[in-house]
Structures are given as C-alpha cells and as structure tokens.
Amino acid sequence: MSTRSDAPDLEPASTARVSDRVARNPEIDDLTRKDYEWGFVTDIEQDSLPPGLSEDTVRFISAKKQEPEWLLEWRLKAYRHWCTMKEPTWALVHYPAIDYQSISYYAAPKSNKDGPKSLDEVDPELLATYEKLGIPLAERAALAGVAVDAVFDSVSVATTFKGKLGELGIIFCSFSEAVREHPELVRKYLGSVVPQKDNFFAALNCAVFSDGSFVYIPKGVRCPMELSTYFRINAANTGQFERTLIVADEGSHVSYLEGCTAPMRDENQLHAAVVELVALDDAQIKYSTVQNWYPGDKNGVGGIYNFVTKRGACRGRRSKISWTQVETGSAITWKYPSCILQGDDSVGEFYSVALTNHHQQADTGTKMIHIGKNTRSTIISKGISAGRGQNTYRGQVKMLASAHNARNYSQCDSLLMGDACGAHTFPYIEVRNPSAHLEHEASTSKIGEDQIFYLNQRGLGTEDAVNLIVNGFCKEVFRELPMEFAVEAQKLLAVSLEGAVG
Amino acid sequence: MTNEKTPLLQVQGIHASAGGKSILKGLDLVVNPGEVHAIMGPNGSGKSTLARVLTGHQDVEVTGGEVLYKGQPLLDLAPEERAREGLFLAFQYPVEIPGVTNNTLLREGLNAMRVHRGEEELDAIDFLKIVKRKADLLEMDHMMLGRAVNHGFSGGEKKRNEILQMLVLEPTLAILDETDSGLDIDALKVVAQGVNALRASQRSFVVITHYQRLLDYIVPDFVHVLANGRIVKSGPKELAHELEAKGYAWIDEAVAGAPQS
C-alpha cells in the first residue's frame, strides 16, 4: 500500500509536527527497522466464500450459521443501508480505495465444522500457532485463571472455563452460540449501542459479521476471572468482521481482555469489528485491548486496515465503563471507543496508547457523551509517533443540557521520535449545560537526546533507554491494564517501537 | 598518591569542539586512583566540555588528542560502555524523565553494571535495602525514590538526586559538574558528606566548580585552572583560596602573557 508521509493540505492549529532535524543516531535507526517478529501463516483448510458482496453473500453467511429469520432480516436491513452509504473521509488517514467486491466475507476452519468439545479436538496446527504467539491456550487458561474464547478467523474454536462461569450464571461464548442459546438476550441488546446505520464500517459489520464473543454477567455477580479473547486474522484476503456484545446486569462487574497478533502477508486486510457494551445500574465493565496486528513492512506494504466501532452505554445509574487500549499494530487504525453516559452518576474512562512507526497511520480517540446528571469522564491519550508514522488523537466531549454537574478531564500527550513522523490533536468539545466542568491538557514532546544520553550515562544501552522513556510516557495508561496484559503491552511497545530518534 | 601505578585517567592534548566552535585546545590532565581533582575556571573556559568529552556526549567532537582510562583508550567506547566501566557524571543540569521512577532508573543502571562485571542482578528487595541506606546518607525522603526521575524536583533536589545515583552506582571515576550550583549551604554540606563517604583509595573524583566554597567541604588533592580550553595553572588546594581572593582576571592576564602553543 502507499501511505502518505507528506503534510495534509489542511493543518489545524492544534496540530504538532516535527520537521526540524534531530542529530542522527544510527543505533536508534537500526532499532526502528526491526522486523515484525510474529509473522507466520498457518495453513488450515478454509471453507470460504469467493470474493464479492451482495444480498446473497449476507444470506449465505446467515444460512451457514443457521441463524433465525429475525437476524437475517437485521443483517439485510444493514446491508441495504450500507449500499447507500459512503466511506468516511474525515479521518487523517490515507489509503487506496478499498474494493469491497474483492473481499471474501466468510472463512471458517474446516476441521471445526462440528465444533470441538475440548482442546483435544482443536486443530493441532492452530494450537501450534498459539504456541508461537507465546499463548499456549491450555496453560494460559489454567495458570492464569483466564477463560479464553479463542477466535480463529471467523469461528470460535475453543471455549474454556465455561462450566465454572456457568455456575455463576455468567454467559461467555461465541456470538453464534449466543444467537442459538440465548436469542432473547442477543435480540434485546444487539445494535442497541451501535445501531445498524451508525456508520459505514459498522453497517458493513452488521451485514456480514462472522462471529465474535458474547458475555452476559447476571445481576450482582462479579466475574471471578478476566475474560479473554484472542483474535487472529489468518485467511488471505478475507475481511474480518467480529462482533462483540457484553452486557453487565445490575450491580455486576466484569473485566474483558482483547488481544491479538497476526501473520505476515502482503495483501491489506480489512477489519471492521463492532463492540457493544451495556452497563446497567451499578454495573462496571472494564475492556482492555492490546492490539498488534501486522502493521505492514518498513515501506508501508501490507498491514491491516482496522476500522473499528467500539461503544459502551452506561445505561444504569452509577454504572461505569472503562476502555483501555494499547494500539501498536495495523497499517491504519480508525477507532474511537466511546461511552454514552446516560445513567445519572455514571462514569466513562478512556486510556489509550497508540503507537505508529514506519508508515503506520492512526486516527483514534474517544467520544464521551454526557446525558445523565453528575456524569464523569476521564480521557488519557498517549500517542507515540516514530519513523514516518502519523498519529492523530480525535476526541469528542459532549455535554447535553440534561447533564447537570457533568465533569470531564482530558489529557492528550504526544511523543515524537525522529524527524519524519507527525502528531495531531483534534479535540471537539460541545457543552450545553452551564454547570459542566471541563479540563483539557495537551502536550507534545520529542524524545530527547539529552534523556537518552542521561540514561546511557547511567549504564543503559540506547534501546533500553528508549524503552524506559516510552514506558514512562505511557505509565498512566499501563497501570490501568491487568498485570499480565501490562507486561505484554510493554514488550509489544518495545518490539513495535524500537526506536526512532534518528 | 600512587604515582608508580597506572593513572586512572590520562587526558593527553585533547582538542574538542561543539557546534563548530573550538573549545578545548590541547588539554592535559592526569588523575591517579584515590585522588580528588578540582577543575576551576571562568564561564566558557571549557569545564563542561571536558565532562562531555570524557562521558561521550554526542554534541562534542574530539578533533585531537587521546584519553586513556584504566590504561585503555576511552574515546572509542559508547557512553553506556564508559558508564559500565565506572565512569560517572553528576550532571550540571539533571534531565527529567517523566513516568520513570528513581528506583527504576537506579535498578536498571546498577544491574547493567553488575551484568557488565559478570555479577548477578540484584533482586528488588536487596536493591531497595541499598538504595534506602544511600538515601539516608543524603537525608533524602524515601518518597523521592518512588518519584519520577527529576520530574518536578527543585534545583537542589535534582543535585542531591545526582549524588544519590553516584552513591548507588559506586563509580571508579566520578565527575561532578557544578554540583554546588543552586545549592544552599546546608544542602551543600549534605552533598559533600555524600561525596566524602565515597572517597576511597581506588576511587577518584574530578570536581568541576566555579566557586571555591564547595572545596571547603570536598577537599581536593589538586586544583587546576582551566582557561581558554587549556589547564593554565595547577596547584595544591590552597590555589582555590587564591582564586577566590583574586578572581579569574589575573589568570587571564597570565594566559595572555604566556606563549601560545
């Protein structure tokens, strides 16, 4: 793919850009050029559709998944609307036009047609893939107390700890299974946070979504373990359209982890996921993401297009939704995990680290929509740009007339490494209630040669010095992540970043 | 003073420039193990450039001369390699590193040096014991250990923090670049106490200062006057008092009268 590294025609006043030269540091240059370490392709027989998108495609997917009529209609409604929509162009990302007819919209690992009942039945090659990723499913599940609903391409292949969760009435399963086993819950909440017509990519997802995860936490239950899904895009030229729905009933708590890596390949892969969260009275949802999809090579060839719609509704009083994301992968990231603070005294949080290196582009941020009284939101965004990476924070804080005493605190920091990258900040603030309090802080800094030298002088090599500085920069976000995820995030940052002051 | 042994540091005819401007013009200096050398001189005479040459700062270009450290060429080593060989600089302007705690920096630094020496890395508990003991020596609140490196520190706190790092890393050659600037007299005494606690027969110090005041507390074996990129006068500790009384002007006159090399 070709990405632009030159300046956009219109540059807003709040844009920070580094054009001045920093003294060359060959060591750091080397570090930035590190290859993607986890590039490999698993060969599993695919049961896939030929490329193309029409009503027939939608019907095929729905039939393949033996869906009820109402869901087919729901998909078709989305598809018909999508046909009337235009791909958004407002984001500060540049990529060649996507031919939606050249994408295959369904792929399922054949060996799982009947669905594995245990890990023994899971394709050994798939398990080997997880091994390579350093996440041996069984071990991880057993040792870390994490129930893993592994999504491999489009069909869930393994679900663990289901029994234990079941005793508490917690539902944690693939989306397809939820449609079969809990249709009333799915029907009630599906599309209730991100409607079919919400945006171009969400509408596409609604029409062709393949599978995903479903979570329901009953009243008053605190989920005793972190729920985790590993997404992995594998089939060549196949769009990935995951659908996640998490419902936390009154007084319940859940922490959900989403993480992924992807095999290396040349074609760009479109990913348009939708995640919906619903928190009822006094419920809390913590949603953590560590995203490491293939970012493309040094020259900007290949890499995932990640156009994701993530939104949570704090429907109940005193409910809380917290998004934490560490985005290091993808060629293009278009993602705004948001909170609709509907219930009085509800709380929304967004903690983000987005890193762009080489030719990566990220336009990411959040929306905090304050509707209820005494609603509070916090936004902490850390953007790191290296190589020719372009990193944009785009965030909206909206306080409606009904939102008495609403409060928001936003902090957007950018760290620049090198002379060819860019950092941009677009805050949108809309306040219709005079009792609202907003605070917005922003900073842009360059990783300093003086900082690196200082750490060198204390015995640290340049690579370690840079990692230490970057991890320090991201600390406020990392401390929001569950422990093991935080460790993973630091490693990822070290690998993906590696470098660039040069 | 063990002059029959290999000097710890031999600076031989160093010429160095920064930003295209020639600053050091044939500087010589020999430091033996266990010695404390004070380098004094007016602003712009090249004191900090000398510190940068020795530690390998990227903004300084060495255009001539040689430096031997422990008898080996120093200038080819990367800054971190010099540090691991026991060369320490207490910065004139300590750098802030947001989000990285003092503890983290000190542990990473100390362990990098231990690994370099073929020793085992310290675990968190042993490490904390050491650091807390050193902090006590400098009358530093342990809370400072959990704060981000120099971030939001006062000038005096930063300087004290440099000395804490020195105490933890236990260098073989410590260069103190105007550590006294910005310190009140009480803080100065505490800092000097920290330095003196580290004085040992195999450890040397190069104390760069503008004022004689610090040398009342860190008593040097030798005092050198740096002017116009060269050491123009060396002497015992009393030379510092002479400078204090007469100022640097007489040195300038002396240099002006001397034949150029």
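The values are calculated or read from the model by the stated rules, or taken from the named source; none is laboratory data. Here the structure is a predicted model, which means the values were calculated and not measured. Methodologically, a virtual Cβ is constructed for each residue, glycine included, from the backbone with ideal geometry; neighbour enumeration extends over all protein chains shown.
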Item to check | Flag if B:Glu157 is out of contact with any Leu (no Cβ under 9 Å at 6 or more places or on another chain), part of a helix (DSSP H, G or I), of a type in the set (Asp, Glu) and within 21 Å of A:Ile469 (Cβ to Cβ) | outcome: yes
In the set A:Arg180, A:Arg222, A:Arg243, A:Arg232, the lone residue that is touching a Cys at 6+ places or on another chain (Cβ under 7 Å) and either farther than 29 Å from A:Thr57 by Cβ or at pLDDT below 95 (or both) is A:Arg232
So, A:Cys260, is that one in a strand (DSSP E or B) and at pLDDT below 90 or not? yes
Of those in segment B:128-154 that are part of a helix (DSSP H, G or I) and touching a Leu at 6+ places or on another chain (Cβ under 7 Å), the residue farthest from the other protein chains (Cβ to nearest Cβ) is B:Leu137
Just one listed residue, out of B:Asp216, B:Asp177, B:Asp221, is modelled with pLDDT of 90 or more and farther than 30 Å from B:Met113 by Cα, and it is B:Asp216
Going through segment B:52-86 in order, the residues found to be of a type outside the set (A, V, I, L, M, F, W, C) and closer than 21 Å to B:Glu178 by Cβ are B:Arg52, B:Thr55, B:Gly56, B:His57, B:Gln58, B:Asp59, B:Pro79, B:Arg82
Reported set for segment A:55-103 where residues are surrounded by fewer than 17 Cβ atoms within 10 Å (Cβ to Cβ), outside any helix (DSSP H, G or I) and among the small types (Gly, Ala, Ser) is A:Ala97
Of the residues in segment A:312-337, those that are surrounded by fewer than 24 Cβ atoms within 10 Å (Cβ to Cβ) and either without any contact (Cβ under 8 Å) to a residue 12 or more places away in the chain or part of a strand (DSSP E or B) (or both) number 1
Checked segment B:74-111 for anything within 28 Å of B:Gly156 (Cβ to Cβ), at the interface with chain A (Cβ under 9 Å from one of its Cβ atoms) and aliphatic (A, V, I, L, M); matches are B:Ala83, B:Leu87, B:Leu89, B:Val95, B:Ile97, B:Val100, B:Leu105, B:Leu106, B:Leu110
Contact list, first residue from segment A:434-460 and free of Cβ contacts under 8 Å to residues at least 60 places away in the same chain and more than 30 Å from A:Ile369 (Cβ to Cβ), second anywhere and outside any loop (DSSP other than H, G, I, E, B) and of a type in the set (Lys, Arg), beta-carbon distance below 7 Å, six or more apart or interchain, is A:Gly459/B:Arg84
Yes or no: B:Thr172 surrounded by 16 or more Cβ atoms within 10 Å (Cβ to Cβ) and within 12 Å of chain A (Cβ to nearest Cβ)?
no
